[in-house]
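To keep things clear, I will list the structure first and then write my remarks on it.
The values are calculated or read from the model by the stated rules, or taken from the named source; none is laboratory data. From a predicted model like this one, the values you see are computed outputs, not experimental measurements. So basically every Cβ, Gly included, is an ideal-geometry build from the backbone, and we count neighbours across all protein chains shown. For the accessible areas, the whole protein counts, side chains as well, though only heavy atoms, and no ligand, DNA or RNA atoms are used. Shrake-Rupley method; radii C 1.70, N 1.55, O 1.52, S 1.80 Å.
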Amino acid sequence: MNYLHQVMAETLVANGVDSIFGLAGDGNLFLVDTYTRIPGVRYYAAVHEAGVVMAACGYAQRTGRLGVATVTRGPGLTNTLTALVEAARVRAPMIMIVGDSPADDYEHVQDVDQAAFVLPTGAGFEQVRRPDTALRDLAIAVRRAFAEQRPIVLNVPHAFWWELTSETATPWQYDTQVVAPDADALDRAAGALLSARKPLIVAGRGAASSPGAYEAILELSKRLHAPLGTTLRGMDLFAGHPWNIGIFGNLASLAAQDVIARADCVVFFGAGLNQRTTDSTRLTTGKAVISVDLDRSVISRRPFVDVGVVGDAAATATALLELLEQADLAPTGFGPSIAAVVADKNRPLTPNKPAYIDDVFDTIDAHFPADRTVVYDTGRSVFTAVRRVHVPHPSAYVHTFGYGAIGLGMGAAVGAAVADPRPVLFAVGDGGFMNGGLVEFNTAVRYGLDITVLVLNDGSYGAEYAQFAVRDMDPSTSLFTWPSFADLADALGGRGFTATNPAELEIALKLTQDITTPTLIDIKLDPADVPREASAVH
């Protein structure tokens, strides 16, 4: 017989959980203590509960494995709500173990209806029913996290932690079978492609994470003479391919927009098809739309989808290719000449001369190690970066734009750095850094994580500045005088630099490569010089 907190910690370790992110309080204290005493695993203590959730979210995105977070009850839980919305919207498979208030204390100061807070965020909720069902309830939460691709909160009554149980740690079972597409749906999709004159293929994160999908989609593209694009979360999947148009969506380059305008059919593999991907359907209007996704709700929620195929990206692309080969129709797509059209896909979104911020991100892309993980905080300045700073694979890009909330990205950068030894590049606005990044920079310092923070410092809350400016109003209420971010980084135990031009930025980036502690570069910007199109994503 062992106490429940011991058995639950041992079960996590027995199932390969070697990293947990948390903030300990009396609702989860004993689970944390037991876990930290088990050899070969590590507990990462964040400063704020939102950082806990985002670290687990970043870890899950970077690895595809289960992210595990734990916080205490009441305010510990309610402090996570914004981050839970973000993690749910980016579909991170993770669990958050939270204690609950004592059931017999009717006036406990931290007592709230925890399920009532969790469920509106889009996260799932699983209750530990009895001490002898706890491991089963934990396994259910984990299975749900993968099956539903979202956070699941496991709620543990306070009194259960010290209950004795005869349960022992056992391996979890996952359903990992490949979902084959329906034959009728495949026929309809093949028919739409055979009817198209200029088809375009777009891959999302679902395709990037599907084994064999990359190769299958390339073969399909070759058969159709179809250009290749990606969603933001599938960025750089086709990097280096001559038919790659880059990002499809409201961050598309001018060259990509030219190609998209010519297309009469778009087939999406593993793409969420939200308003940013389709530019509020402007990019799909007048075209036949085929959506291939494992989640049938993605298809059913999009009325502009003409043909929906529920299935694995690799299996579906392979099956479509076979049907097209049987039809023996000559390629009628754009043809090899499309390579010349997409060659200049880094042109600015407007025909004006490149902005200073373009030079900033070109310098970053050129002088930060290419084998990297990239994380962005939400903010208008970073939306220029996604077109100019590249990743070695979509899995090396950690997404934090799901809720449009600033200040969450630093926690995700911590989780990504724990997940993978490659250097992490984290770009954040000055407002986002002060809002939540500052405290978790300290977390990165405490654990010696290889993170370089780029503070895009225009001394303002930039989106609000832009809204004032476009209406010829006084933007002064959106302006802020901050302390020196370089000095703050030094005070927190890291290293700080300041860059006022691309040459100084290049020097700072080179210096960071020889520093083992987390570093920060304060990049000075003028809020009036940040292009409005850089804030196109909200």
Alpha-carbon centroids, the range 189-251 and the range 446-504: separation in whole Å = 36 Å
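Where Rh denotes the Kirkwood radius from the mean inverse Cα pair distance, what is Rg over Rh for the chain? Numbers along the way, then the final one.
Values: Rg = 24.1 Å, Rh = 24.3 Å.
Taking Rg over the Kirkwood Rh, I get 0.99.
Could you sort K222, K287, K198 by their accessible area in this structure, using a 1.4 Å probe and putting the largest first?
Numbers: K222 135, K287 30, K198 70 Å².
Largest accessible area first, the list is K222, K198, K287.
Under 8 Å for C-alpha pairs, at least 6 residues apart: give me the relative contact order for the range 1-128, rounded to a whole percent. It would help to have the intermediate numbers written out before the result.
Details: 209 pairs, mean separation 30.3, N = 128.
Result for the range 1-128 is 24 percent.
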When you count, for each residue, the other Cβ atoms within 10 Å and take the mean per peptide, how do 234-247, 107-120 rank with the highest first?
-> 234-247, 107-120
Which residues does a label at R143 reach in the range 1-22, if reach means a backbone N under 19 Å from a point 7 Å past the Cα toward the Cβ?
-> 8, 11-17
Simple SL model, points at 7 angstrom along Cα→Cβ for A159 and L218; separation in nm is 6.1 nm
Paramagnetic label zone (point 7 Å from Cα along Cα-to-C-beta, H393; backbone N under 19 Å) in the range 183-205 | 203-205
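Note down the relative contact order for the chain as a percent, whole number, built from C-alpha pairs under 8 angstrom at least six residues apart.
Details: 1214 pairs, mean separation 73.8, N = 538.
For the chain, the relative contact order is 14 percent.
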Binned Cα-Cα distance frequencies in the range 212-311 - 5 Å width, integer % | 2, 13, 25, 28, 21, 10, 1
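So what is the relative contact order of the range 1-72, in percent, for Cα pairs below 8 Å that sit 6 or more residues apart?
Working: 99 pairs, mean separation 27.9, N = 72.
Contact order relative to length: 39 percent.
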One checks the Cα atoms of the range 1-154 and finds Rg and Dmax, in Å, of 14.1, 42
Directionally averaged shadow of the range 237-278, computed from the convex hull of its alpha-carbon atoms, nm² = 3.3 nm²
Part-to-part distance (alpha-carbon centres) for the range 34-62 and the range 90-129, which is given in Å = 18 Å
The range 105-171, Rg to Rh (Cα coordinates; Rh as Kirkwood inverse mean 1/r) = 1.01
When the label point is put 7 Å from the Cα of D105 along its Cα-to-beta-carbon vector, which residues of the range 15-45 have a backbone N closer than 15 Å?
-> 25-30
With a Förster radius of 35 Å, plug the Cβ-Cβ distance of I507 and V179 into 1/(1 + (r/R0)^6) and report the FRET value to the nearest 0.05.
-> 0.10
May I ask for log10 I(q)/I(0) of the range 36-110 at q = 0.22 Å⁻¹, from a Debye sum over the Cα atoms as equal point scatterers with solvent left out?
-> -0.97
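Between L29 and A327, what length in nm is gained on full extension when 0.36 nm per residue of separation is reduced by their alpha carbon distance?
Details: separation 298, 0.36 × 298 = 107.28 nm, distance 6.36 nm.
Fully extending the segment from L29 to A327 adds 100.9 nm.
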Per q in 0.21 1/Å, what log10 I(q)/I(0) does a Debye calculation on the alpha-carbon atoms of the range 374-457 return?
-> -0.92
Return the Cα extents of the range 161-229 along principal axes one, two and three, sorted largest first, each rounded to a whole Å.
-> 68, 26, 18
State the answer as a single residue: which of I406, L321, V41 lies farthest towards the positive end of the charge dipole of the chain, with beta carbon charges of +1 for Lys and Arg and -1 for Asp and Glu, about the Cα centre.
-> L321
Where does each of 28-41, 248-261, 453-466, 402-415 land if you order them by average Cβ count within 10 Å, highest first?
-> 402-415, 453-466, 248-261, 28-41
Across bins of 5 angstrom width beginning at 0, how are the C-alpha pair distances of the range 69-143 distributed, in whole percent?
-> 3, 15, 25, 26, 19, 10, 3, 0
Coarse-grained scattering of the range 94-230 at q = 0.09, 0.12 Å⁻¹, given as base-10 log I(q)/I(0) from a Debye sum over alpha-carbon atoms | -0.50, -0.70
Theoretical FRET efficiency, 1/(1+(r/R0)^6), r = Cβ-Cβ of R136 and A261, R0 45 Å, to 0.05 | 0.25
Calculate the translational D of the range 395-538 in whole µm² s⁻¹ from Stokes-Einstein, where the hydrodynamic radius comes from the Kirkwood formula applied to all Cα pairs, the temperature is 20 °C and the viscosity 1.002 mPa s.
-> 136 µm²/s
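Can you order the peptides 66-75, 361-370 by their average number of other Cβ atoms within 10 Å per residue, highest first?
Values: 66-75: 25.3, 361-370: 17.3.
Top of the packing list down: 66-75, 361-370.
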Label the range 433-486 by shape, choosing from rounded, prolate and oblate, from the square roots a ≥ b ≥ c of the eigenvalues of the Cα gyration tensor; if a/c is under 1.5 it is rounded, and otherwise prolate applies when a/b is larger than b/c, oblate when it is not.
-> prolate
accessible surface per residue for the range 490-533, probe 1.4 Å, DNA/RNA/ligands not counted, whole Å² -> 49 Å²
Efficiency of FRET from Cβ geometry, A370 and L254, R₀ 22 Å, rounded to 0.05 = 0.30
